[in-house]
Amino acid sequence: RKVYIPNAFSPYGDNVNEYFYIHGGDGIVEIERFIIFERRGGTVFDQSNIQPNDPTVGWDGTLKGKKMNPAVFVYYAEIKFIDGKTEIFS
């Protein structure tokens, strides 16, 4: 499975690495669910039925329009592949 999920990004407004999103090869049909949690378990980002390799559907480091402080976050992704199987990445 050709899936790459970065372990860091820098939403500092310099137009470099601004969004946290899933990268993948042609074998991905769609990202059925992509959720990001803060360290206490609160959801900071939640998208469904999106395509890989599209930064515009990724997380920009904000919550309710406000920039979050640098921290450790956890992600959960359900990715559907061309063979009909769905795999979980976290």
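FYI, it's all coordinate maths here, none of it is from the lab. Note that the coordinates shown come from a computational prediction; the quantities given were computed from them, not determined experimentally.
Take every Cα pair under 8 Å whose residues are at least 6 apart in sequence, average their separation, divide by the length of the chain, and the relative contact order is 29 percent. Taking a straight line from the alpha carbon of residue 80, these lysines sit under 23 Å away, with near neighbours fewer than eight places off in the same chain left out: 2. Principal semi-axes of the equivalent ellipsoid, √(5λ) from the alpha carbon gyration tensor of the chain, are 23, 14, 10 Å from largest down.
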